[in-house]
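Working notes, beginning with the structure itself.
The values are calculated or read from the model by the stated rules, or taken from the named source; none is laboratory data. What you are looking at is a predicted structure, and each value in this text was computed from that prediction instead of being measured. Quick reminder, even Gly has a Cβ in these numbers, built from the backbone with ideal geometry, and neighbours come from all protein chains shown. Please note that ligands, DNA and RNA were not included when accessible areas were found on the heavy atoms of the full protein model with its side chains. Shrake-Rupley method; radii C 1.70, N 1.55, O 1.52, S 1.80 Å.
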Number of protein chains: 2
Amino acid sequence: MAKNITDPGKDYARWYQDVIREAELADSAPVRGCMVIRPYGFAIWELMKDDLDARFKETGHTNAYFPVFIPQSFIHREAQHVEGFSPELAVVTHAGGRQLEEPLVVRPTSETIINHMFSKWIGSYRDLPMLLNQWANVVRWELRPRAFLRTTEFLWQEGHTAHATEEEAREETMRMLGVYTDFMHRTAAIPVIPGRKTDRERFAGAVDTYTIEAMMGNGWALQGGTSHYLGTNFAKVFDTTFLDRNNQRQYVHQSSWGVSTRLVGAVIMAHGDENGLRLPPKIAPVQAVVVPVGMQDPRAPEVMEAAQALAEDLKARGVRVRLDDRENMSPGFKFNHWEVRGVPVRLELGPRDLEAGQVTAALRIDGSKTRIPLSGAVDETKALLESIQERMLRDAREFQEARTYEADSFDDFMERLPERPGFYRVWWDGSSDDEARIQEQTSATVRCIPLKQPGGRGKCFITGRATSTTAVLARAY
Amino acid sequence: MAKNITDPGKDYARWYQDVIREAELADSAPVRGCMVIRPYGFAIWELMKDDLDARFKETGHTNAYFPVFIPQSFIHREAQHVEGFSPELAVVTHAGGRQLEEPLVVRPTSETIINHMFSKWIGSYRDLPMLLNQWANVVRWELRPRAFLRTTEFLWQEGHTAHATEEEAREETMRMLGVYTDFMHRTAAIPVIPGRKTDRERFAGAVDTYTIEAMMGNGWALQGGTSHYLGTNFAKVFDTTFLDRNNQRQYVHQSSWGVSTRLVGAVIMAHGDENGLRLPPKIAPVQAVVVPVGMQDPRAPEVMEAAQALAEDLKARGVRVRLDDRENMSPGFKFNHWEVRGVPVRLELGPRDLEAGQVTAALRIDGSKTRIPLSGAVDETKALLESIQERMLRDAREFQEARTYEADSFDDFMERLPERPGFYRVWWDGSSDDEARIQEQTSATVRCIPLKQPGGRGKCFITGRATSTTAVLARAY
């Protein structure tokens with residue numbers, strides 16, 4: 001067990017905070033509910049952002065930027081939207097030394113202001129589809145903040161699209177859910193269950209909300225991202241219309257979709273262990289660290305030279321590498337430093353390694369050590385990084401599968417959940433009231449109706465009615 | 001003269017607005033003083049951002065993120081800082097449905113909150129230098145907004161560093177001024193004069209402010225970026241200290257530096273002409289557009305095929321290219337579409353070109369056309385883009401030099417400035433009061449004391465006193 005890190009089996013919430021502090025990912029800010037994202041934590045976010053941004057561009061989207069301030073009246077136009085967001089709004093009432101005539105809301109999300117602009121930009125079917133994305137900060141007042149997971153201000157991207165038909169907008173909604181799913185699997189090495197939210201969990205203003213649900217190390221669920229089919233709800237209140245091919249005025253059909261810095265929290269909790277962070281190579285700011293050891297040995301200068309050369313070779317071949325040549329620090333201190341930070345591969349090089357023409361590769365994923373020939377160390381390291389990336393997804397998938405249970409009845413569920421936290425896949429025909437009751441009694445919620453259904457029919461675990469639908473329930477962040 | 005674009009010689013301000021509208025760079029927002037950055041404008045900013053970000057990382061900086069909200073009391077701690085920023089602040093007084101105990105300011109800049117965090121993170125000389133950067137939105141209430149140049153909200157980067165000594169902090173301040181200068185020359189193709197600001201123009205809270213001043217198409221100056229040596233001003237009020245090698249507690253010496261989306265405005269005005277935008281290839285979202293022509297010809301299918309192949313080859317070789325295969329639009333309409341948007345190279349391909357094994361390259365920089373062999377079109381286009389990049393800097397430099405004047409006396413200056421707007425390089429030994437008077441009578445300001453001084457001595461153009469210092473004066477955005 002690493003120093004200063006609580007055993008996750010004893011107190012998962014404290015373990016999470018400890019990892020964030022020791023790996024220098026974030027710090028609390030002097031403003032309630034806000035956090036400071038420190039360089040190492042921000043570098044993880046940057047790598048995720050770059051990966052996602054390339055995916056958005058490949059699927060035809062371009063970035064734009066809309067104001068952080070939204071006239072309060074805009075938020076009030078869509079009935080569900082205002083009901084959902086009002087309690088969380090931060091409001092600017094004074095600016096430039098005067099009281100404002102109309103207060104401005106700090107954006108909690110941008111559907112309203114973007115629709116206002118869309119209504120100016122969209123005239124005919126030729127302007128459609130309009131496929132925009134925005135990387136921005138948003139604010140939702142948070143009374144029980146938790147670093148990365150729930151903070152008053154967070155960073156995110158919000159895609160906003162307008163289409164001529166419901167079919168196209170629904171296709172887009174599912175396409176972006178697919179992009180998120182693929183990103184989580186291939187880049188973040190986190191398996192997710194894509195599914196539809198129930199009415200109770202739907203985005204305020206959407207017709208349908210889709211989600212990707214990931215499992216954290218304590219068996220809880222985390223909503224990794226959402227993609228909404230908005231129908232014509234916002235188009236109607238902002239008059240976002242177009243002339244179709246028959247010169248008829250029609251409302252646009254819209255989607256919006258987003259992921260946020262909470263994904264950093266997901267990475268911490270999906271992969272971290274009792275020694276701190278474990279990072280998938282694709283989003284590791286440092287993929288490999290070279291640590292020269294045996295610095296008291298007379299051959300130390302040669303070791304240092306070889307270590308420098310190795311680090312340079314790795315860098316030249318595109319590996320994000322650090323040489324830890326800090327003086328007056330023991331190898332053990334350095335090992336721990338990079339272990340807590342989740343660096344996938346540590347390359348130890350000492351006088352005896354150098355003599356034997358080898359380097360010792362220690363893998364963060366399982367602590368294993370292998371000796372690799374110094375001459376082929378770059379290729380070998382790159383191969384290790386690739387296999388680690390795959391293995392982390394496989395391990396996480398096995399973890400999730402092992403903690404996915406069934407429940408025949410609500411009693412059964414209530415009894416087992418506290419002892420065996422995880423995903424419960426149940427036959428589902430319940431109502432919003434049923435969901436409220438479940439949450440009240442178990443703190444669990446319906447995470448989603450998975451897109452992939454088993455087929456066949458069964459009895460709803462709460463109503464007893466026959467149904468062909470299953471849902472996934474879990475406690476969630 | 002392009003349709004819908006005012007002659008810049010007749011009304012430069014309207015020309016600027018016309019270009020922004022016709023090239024779809026930005027739009028006004030439904031919030032006073034704010035703008036929406038449209039996809040094409042944002043793509044220019046993204047290219048600048050990526051280029052700058054790489055430069056910051058090469059010089060040892062890492063990105064982090066600090067909250068958008070700053071406790072009002074923080075702003076009040078540094079006397080000059082509060083005086084400078086108070087009139088421009090936007091203030092959140094209500095959040096989460098309640099009145100806040102302490103109002104929160106939407107950050108106008110982040111020196112205060114970053115110093116608060118630095119004081120937690122910095123303990124000893126081993127933690128120094130601390131070299132951070134943040135990409136963020138900031139808000140400064142603006143009564144006379146102008147797209148990109150002066151908007152209530154804008155996007156920028158703010159570098160914040162802490163050092164053990166004044167010497168190191170001053171070195172950093174100048175290093176980053178150098179990074180900005182090099183970026184402006186090599187990437188934005190805009191020549192700048194690096195220099196020091198007078199006391200009157202100094203950043204609120206800095207010991208010394210350095211600037212890079214660029215010349216716009218109407219002879220006015222534009223401050224492209226600033227780099228400040230903050231001394232220990234913020235360190236003292238936030239108690240940002242470290243233990244030095246002798247175990248003595250010392251205040252850190254700091255720098256901060258920033259550039260913003262106003263650089264998009266600088267690009268428009270430094271390079272634009274009567275037909276719209278002209279973009280340097282390095283920051284052009286579309287570097288080359290392929291336009292098939294002669295679509296009524298029986299050979300149209302072959303032309304389209306060749307145009308597609310050319311576009312694909314260019315893309316594969318790293319050129320940002322578009323194929324304009326839109327139907328029912330005349331070549332002339334398309335030419336104008338890309339001309340207004342400043343695309344450096346237009347490649348026209350028609351049946352006769354195809355027969356002759358050639359493609360016509362039309363350059364936005366001067367409207368010239370050259371025929372290049374289709375077989376070597378990719379190499380030729382890449383070579384053209386490189387030469388255009390260099391030529392745009394050369395042209396802009398010649399433009400600036402031709403509009404840089406001298407003035408022997410204030411009368412001389414007052415008489416010539418209205419007729420010959422430009423940079424006036426004068427001997428300078430004036431005071432802040434002199435500067436105020438100059439501004440009142442001519443609207444011009446001291447842009448900077450250039451780092452590069454001519455040597456020798458002369459008589460101050462306003463006080464008549466002998467001095468070895470020259471200054472650059474101009475009207476400015």
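Enter the accessible area per residue of the stretch B:288-384 (Å², integer; probe 1.4 Å; all protein chains in place). Before the final figure, lay out the partial values.
On the way: 4830 Å² over 97 residues.
Per residue, the stretch B:288-384 has 50 Å² of solvent-accessible surface.
Where Lys and Arg each count +1 and Asp and Glu each count -1, what net charge lies around B:ARG77 among other residues with Cβ under 14 Å from its Cβ?
For residues surrounding B:ARG77, the net value is -4.
What number, in percent, do you get for the relative contact order of the stretch B:1-134 if the mean sequence gap of Cα pairs under 8 Å and at least 6 apart is divided by its residue count?
19 percent.
For the stretch B:379-477, which GluC sites (Glu not before Pro) pass both filters: DSSP loop (anything but H, G, I, E, B) and at most 12 other C-beta atoms within 10 Å?
Those that pass, being in a loop and sparsely packed, are B:GLU419.
Remind me, relative contact order of the stretch A:286-387 in percent, using alpha carbon pairs under 8 angstrom and six or more residues apart? The partial results should precede the final answer.
Working: 158 pairs, mean separation 31.3, N = 102.
Relative contact order for the stretch A:286-387 comes out at 31 percent.
Can you give me the Cα centroid spacing of the stretch B:346-398 and the stretch A:260-308 in angstrom?
48
With everything on Cα atoms, drop me the angle between helix A:432-442 and the longest principal axis of chain A, reported from 0 to 90° to the nearest 10.
40
Run the reach check for B:LYS10 against lysines, Cα to Cα strictly under 18 Å, same-chain hits fewer than 8 apart removed. What comes back?
B:LYS10 reaches no qualifying lysines.
May I ask you to evaluate 6.51 cos²θ - 1.76 cosθ + 1.60, the Karplus curve with θ = phi - 60°, for each residue of the stretch A:362-374 and list the ³J(HN,Hα) values in order in whole Hz, giving x for glycine and proline?
9, 9, 5, 4, 9, x, 6, 10, 9, 9, 10, x, 4
Any idea what the A:PRO373 label distances to the other copies are, label 7 Å down the Cα→Cβ vector, nm, shortest first?
Taking the point 7 Å beyond Cα along Cα→Cβ, the inter-copy spacings are 4.6 nm.
Return the calculated 222 nm mean residue ellipticity for chain B, to the nearest 500 deg cm²/dmol, obtained by summing -39500 (n - 2.57) across DSSP H runs with n ≥ 4 and dividing by the residue count. Intermediate results must be reported in sequence, preceding the final value.
On the way: 14 runs with 169 residues, N = 477.
That comes out to -11000 deg cm²/dmol.
What is the distance, in nm, between label points placed 7 Å from the Cα along the Cα-to-Cβ direction at A:GLU440 and at A:ASN247?
Result for the modelled spin labels: 5.9 nm.
Find out how many positive minus negative residues lie around A:ARG170, taking Lys and Arg as positive, Asp and Glu as negative, among other residues whose Cβ is under 12 Å from that of A:ARG170.
Neighbour charge sum, excluding A:ARG170 itself: -4.
Any idea of the accessible area per residue across the stretch A:42-123, 1.4 Å probe, to the nearest Å²?
36
I'd like the orientation of helix A:262-271 relative to chain A: the angle between its Cα long axis and the longest Cα principal axis, in ° from 0 to 90, rounded to 10.
The answer is roughly 50 degrees.
Tell me whether the stretch B:288-384 comes out rounded, prolate or oblate; compute the Cα gyration tensor, take square roots of the eigenvalues as a ≥ b ≥ c, and use a/c under 1.5 as the rounded threshold.
Rounded, because the longest to shortest axis ratio a/c is under 1.5.
Give the A-B buried accessible area in Å², both sides summed, 1.4 Å probe, nearest 100.
Roughly 4000 Å² of accessible surface disappears when A and B pair.
So what's the gap between the Cα centers of the stretch A:15-44 and the stretch A:106-175, to the nearest angstrom?
26
Give the angle, between 0 and 90 degrees and rounded to the nearest 10, that separates the Cα long axis of helix B:377-402 from the longest principal axis of the Cα atoms of chain B.
50
Check each residue of the stretch B:55-70 and keep those whose accessible area, probe 1.4 Å, is at least 50 Å² smaller with all protein chains in place than in the chain alone; give them in order of residue number.
When all protein chains are present, B:ASN63, B:TYR65, B:PRO67, B:PHE69 each give up 50 Å² or more of accessible surface.
Going 7 Å from Cα along the Cα-Cβ axis for the label, what nanometre distances separate A:ASP127 from the same residue across the other copies?
Label-point distances to the other copies, shortest first: 5.2 nm.
What does the structure give for A:23-30 when I average, per residue, the other chain Cβ atoms found within 10 Å of the residue Cβ?
Neighbouring Cβ atoms belonging to other protein chains average 4 per residue here.
Of the accessible area of chain B, with the probe set at 1.4 angstrom, what percent is carbon plus sulfur?
C and S atoms contribute 45 percent here.
Show me the trypsin sites (Lys or Arg not before Pro) within the stretch A:212-290 that DSSP assigns to loop and that have at most 15 other Cβ atoms within 10 Å of their Cβ.
Sparse-neighbourhood loop trypsin sites (Lys or Arg not before Pro): A:ARG245.
Applying the Karplus parametrisation 6.51 cos²θ - 1.76 cosθ + 1.60 with θ = phi - 60° to the phi angles of the stretch A:275-292, what ³J(HN,Hα) value in whole Hz is obtained for each residue in order, glycine and proline being reported as x?
These are the phi-based 3J(HN,Hα) values: 9, x, 6, 10, 10, x, x, 5, 10, 8, x, 10, 7, 9, 10, 9, 10, x Hz.
Expressed as cubic angstrom per residue, what is the convex hull volume of the alpha carbon set of the protein assembly as shown? Working shown, then result.
Values: hull volume 192.5 nm³, N = 954.
Cα convex hull per residue, to the nearest whole number: 202 Å³.
What are the lysines whose alpha-carbon lies under 25 Å from the alpha-carbon of B:LYS452, with same-chain residues fewer than 8 places away excluded?
B:LYS197
How many nanometers, to one decimal and shortest first, lie between the label point of B:LYS57 and those of its other copies, if labels sit 7 Å from Cα toward Cβ?
1.4
To check you understand DSSP bridge types, tell me what percent of the beta bridges within the stretch A:286-387 (both residues inside) are antiparallel, rounded to 5.
Roughly 55 percent of the DSSP beta bridges within the stretch A:286-387 come out antiparallel.
Give me, ordered by chain and number, the residues 5 or more places off B:VAL259 or on other chains with an amide H under 5 Å from its own placed amide H.
Close amide H contacts, sequence-distant or interchain: B:GLN157.
Using R₀ = 56 Å, calculate the FRET efficiency as 1/(1 + (r/R₀)^6) where r is the Cβ-Cβ separation of B:THR463 and B:GLU102; round to 0.05. Don't jump to the answer; show the numbers that get you there.
On the way: r = 47 Å, r/R0 = 0.84.
Computed FRET efficiency for B:THR463 and B:GLU102 comes out at 0.75.
Which of the residues in the stretch B:34-52 lose at least 40 Å² of accessible area when you go from the chain alone to all protein chains together (probe 1.4 Å)?
Checking the loss per residue gives B:VAL36, B:ARG38, B:PRO39, B:PHE42, B:GLU46.
Among the lysines, which fall within straight-line cross-link reach of B:LYS57, defined as a Cα-Cα distance under 21 Å, with same-chain neighbours fewer than 8 residues apart omitted?
Cross-link targets: A:LYS49, A:LYS282, A:LYS315, B:LYS49, B:LYS282.
Between the stretch B:199-251 and the stretch A:187-206, how many Å separate their Cα centres?
Centre-to-centre (Cα) distance: 46 Å.
Run the paramagnetic zone check for A:ARG416: 7 angstrom along Cα to Cβ, then residues of the stretch A:452-469 with backbone nitrogen under 15 Å.
Once the point is set 7 Å along Cα→Cβ of A:ARG416, A:459-462 turn out to lie under 15 Å by backbone N, inside the stretch A:452-469.
Taking amide H positions as placed 1.01 Å from N in the peptide plane, with prolines and chain starts having none, which residues 5 or more places from B:ALA476, or on another chain, fall under 5 Å of its amide H?
It is B:ALA221, B:THR445, by chain and number.
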